[in-house]
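This report refers to the structure that appears directly beneath it.
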Amino acid sequence: MKQVFFAILSGLLLALGWPIFGFPFLLFFAFVPLLFAEFQIRNFSEKAVKWKVFGAAYLTFLIWNLITTYWIYFSTPFGGAFAILANSLLMSIVFLIYHIVAKRTGFSAASTFLVSLWMVFEQIHLNWDFSWPWLNLGNGFSEYHNLIQWYEYTGTFGGTLWIWLSNIMVFKALLLYREFKDKGIVYRGIVKLMLLIGIPIGLSYLIRYNYEIPSKRMEAVVLQPNINPYTEKYNTTDTRIGELLKELSREKITDSTSLLVAPETVFADGTVLSEFENSEAAFFGRQLVRNHENLSFLGGISFYQRFSDPSLVRPQSNRIGMNDWYDDYNSAFLISNFKNTQLYHKSKLVVGVENFPYQSLLRPLLGNIMIDLGGTVAMKTTQPEREVFQLDNGSLTAPIICYESVYGEYVTGYVQNGAQFLTIITNDAWWGDTPGHQQHLSYAKLRAIENRKAVVRSANTGISAFINPLGDVEKSLAYEERGSLKHDLVLNDEQTFYVKYGNYIARVAQFLALFIFLFAIVKYRRKRPA
């Protein structure tokens, strides 16, 4: 029962340390009870050791996932349950592999392996078809962004490393005190922990107060139409949406405004891609910019393209009959007075909603199922490169669509292509008034810091906001409030260390994890009796 208590305690500490309402300093020792439970099981249990470790880990991670991401349930009960149960399972497998290696190596090697393996897991979660990086540990400081201004050098993996090193230090001090009963161990451990936590915080504030925000600025307006996706969005014509956007834009737009932004799939009727220039979205886009010489309009739209030529079929194409397919797109478009229309198709897709993962393997087993999460159940078609939109005033922005904003290294691709600020268009209403939309906004602060770029965020039901390169929310529009925001945002041409080198910490972790794993296997086999 002690191990069960320790597992529950770790799960609660992780949840209570998580955004939006959590206190992130709890994360610095949240894994310690679980680590201690594993240590006791490994050294003092004789039966079903692996199952006990797995059970304790699963209990911890299930509590953490359930409390922090329960809101997925509000869009789809099945999808929410699957995400919580599956992610808890994957985390538990990572911890079980650590247990297996820990039995065959010393404390230092096992601890290094655990930290490295966890970062390998987070890196995989950023890139594979079942991607769900919402609970990657470095995200845990998003509400206390003044503590992690050094993310411009490390990205969120720096935060993951910070959390794990602190937990390992506390755990080691606990084991040493348990063995030697020396209070000096506790005192030295407290000093070391304070230095490990305090030095990065001090560096963060030093970076913040020495950072000079670029002087070049541009006026932008974001629109928040507040259309309920369950009762209004897909029953409202693009014509009515266009009229609403015109009404909202009149509240704030001036002759100095360079960019007007509307949220993800604000035009949701379903427009034929090849006929976009004759669509309602294009018509209203031109109406919005027509009377303002330097104004550009960026908005979201649902596209599709139907075809019968088998040579055009791609893995993401949707079949609806014999020799009858269509490609479905969740896209952003930019219309201006002096440039051709620019398009970008969302390319980081929500698993089970916009993307059928590993369909060659799973479709024969599951059939053509998709989870109803986000208002659409069709496979989305993506594009290989991160498109950058150029405004009439010459400025360049990243058209980031919803879920894409959770991916740190992915977003740097826009900046590498020249983006001077980040534009995020999203529709967070599927989760209701829960921490989901608040966490999504909070994670945008991390992208601002990593890239040192201002963020313009237009959300259908909120929270729309302007975020500066230091991660501060300078203006925002509350959830379920219809309206618009105007602000002078910063333009920045420089690229941070993280933009240039990406998730290098995770790449080092991959090497360490593989090396220690192979070392443990070889050492174990050599010790086995002939």
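How big is the dipole moment of the range 1-126 about its Cα centre under a simple scheme where the beta carbon of each Lys and Arg is +1, that of each Asp and Glu is -1, and everything else is neutral? Debye, nearest 20, please. Don't jump to the answer; show the numbers that get you there.
Details: 7 positive and 3 negative charges, 81 e Å.
My answer is approximately 380 debye.
When DSSP beta bridges are limited to those with both residues in the chain, what percentage is antiparallel, rounded to the nearest 5?
60 percent
When the dipole is taken about the Cα centre of the chain, and only Lys, Arg (+1) and Asp, Glu (-1) are charged at their Cβ, what size is it in debye, to the nearest 20? Let's see the in-between values first.
Numbers: 47 positive and 43 negative charges, 640 e Å.
I would put it at about 3080 debye.
From the backbone phi of the range 163-172, what are the Karplus-calculated ³J(HN,Hα) couplings (6.51 cos²θ - 1.76 cosθ + 1.60, θ = phi - 60°) in whole Hz, Gly and Pro given as x?
Computed from phi, the couplings for the range 163-172 are 5, 5, 4, 5, 4, 5, 4, 5, 4, 5 Hz.
Given that just one value was derived from the coordinates, which of (i) 33, 28, 22; (ii) 44, 27, 20; (iii) 50, 30, 21 is semi-axes √(5λ) of the Cα gyration tensor in Å?
Checking each listed value against the structure points to (ii).
So how tilted is helix 435-451 from the main axis of the chain? Cα-based, degrees 0 to 90, rounded to 10.
Helix 435-451 sits roughly 90 degrees off the main axis of the chain.
Of the chymotrypsin sites (Phe, Trp or Tyr not before Pro) in the range 91-131, which ones lie in a loop per DSSP and count no more than 16 other C-beta atoms within 10 Å?
W128, F130
Considering only C-alpha atoms, what is the centroid distance from the range 494-510 to the range 1-78, in Å?
29 Å
In the range 441-485, which trypsin sites (Lys or Arg not before Pro) fall in coil by DSSP and have 16 or fewer other Cβ atoms within 10 Å?
R482
Can you tell me the Rg and the Dmax, both Å, for the Cα atoms in the range 60-213?
18.0, 53
Evaluate the relative contact order of the chain (contact order divided by residue number), counting alpha-carbon pairs under 8 angstrom at least 6 apart; express in whole percent.
Relative contact order of the chain: 17 percent.
Where Rh denotes the Kirkwood radius from the mean inverse Cα pair distance, what is Rg over Rh for the range 90-143?
1.04
Among F36, F25, G106, flag the residue with its Cα farthest along the positive direction of the charge dipole of the range 1-111, charges on Cβ as +1 for Lys/Arg and -1 for Asp/Glu.
Toward the positive end, the furthest listed residue is G106.
How large is ³J(HN,Hα) for each residue in the range 335-348, as worked out from phi by the Karplus curve 6.51 cos²θ - 1.76 cosθ + 1.60 (θ = phi - 60°), to whole Hz, x for Gly and Pro?
10, 9, 7, 10, 10, 5, 4, 10, 10, 9, 10, 3, 10, 9
Using all C-alpha to C-alpha distances in the range 139-221, build P(r) with 5 Å bins and read off the rounded percent in each one.
It works out to 3, 13, 18, 17, 14, 12, 9, 6, 3, 2, 2, 1, 1, in whole percents.
Convex hull volume of the Cα atoms in the range 1-118, per residue, in Å³?
103 Å³
Just want the answer: with Cβ charges of +1 for Lys and Arg and -1 for Asp and Glu, which residue in M91, F171, G158 is farthest toward the dipole's positive end in the range 68-180?
Final value for the positive-end residue is F171.
Can you tell me the order of 309-315, 187-193 when each peptide is scored by its average per-residue count of other Cβ atoms within 10 angstrom, highest first?
Highest mean packing first, the order is 187-193, 309-315.
Taking the Cα centre of the range 265-332 as the origin, how large is its charge dipole in debye, to the nearest 20, when only Lys and Arg (+1) and Asp and Glu (-1) carry charge on their Cβ atoms?
Charge dipole of the range 265-332: 100 debye, to the nearest 20.
Kirkwood Rh over Cα pairs of the range 395-479 into Stokes-Einstein at 10 °C, 1.306 mPa s: D in µm²/s?
Once the numbers are plugged in, D ends up at 127 µm²/s.
With point charges of +1 on the Cβ of Lys and Arg and -1 on the Cβ of Asp and Glu, referenced to the Cα centre of the chain, which listed residue (P133, V490, A7) lies farthest in the positive direction of the dipole?
Of P133, V490, A7, it is A7.
Per residue of the range 47-52, what does 6.51 cos²θ - 1.76 cosθ + 1.60 with θ = phi - 60° give for ³J(HN,Hα)? Whole Hz please, x for Gly and Pro, Karplus curve as stated.
10, 6, 4, 4, 5, 5
Please identify every one of the GluC sites (Glu not before Pro) in the range 34-135 that sits in a loop by DSSP and has no more than 15 other beta carbons within 10 Å of its own beta carbon. Write down the numbers at each step before the final one.
Details: sites: E38, E46, E122; in loops: E46.
Sparse-neighbourhood loop GluC sites (Glu not before Pro): E46.
Tell me the mean residue ellipticity at 222 nm calculated for the chain from its helices only (DSSP H runs of n ≥ 4, each -39500 (n - 2.57), averaged over every residue, nearest 500).
Calculated from helices alone, the mean residue ellipticity at 222 nm is -15000 deg cm²/dmol.
Any read-out appearing in this document is the output of simple, stated calculations on the displayed coordinates, not a laboratory observation. Note that this is a predicted model, so its numbers are computed, not measured. Methodologically, a virtual Cβ is constructed for each residue, glycine included, from the backbone with ideal geometry; neighbour enumeration extends over all protein chains shown.
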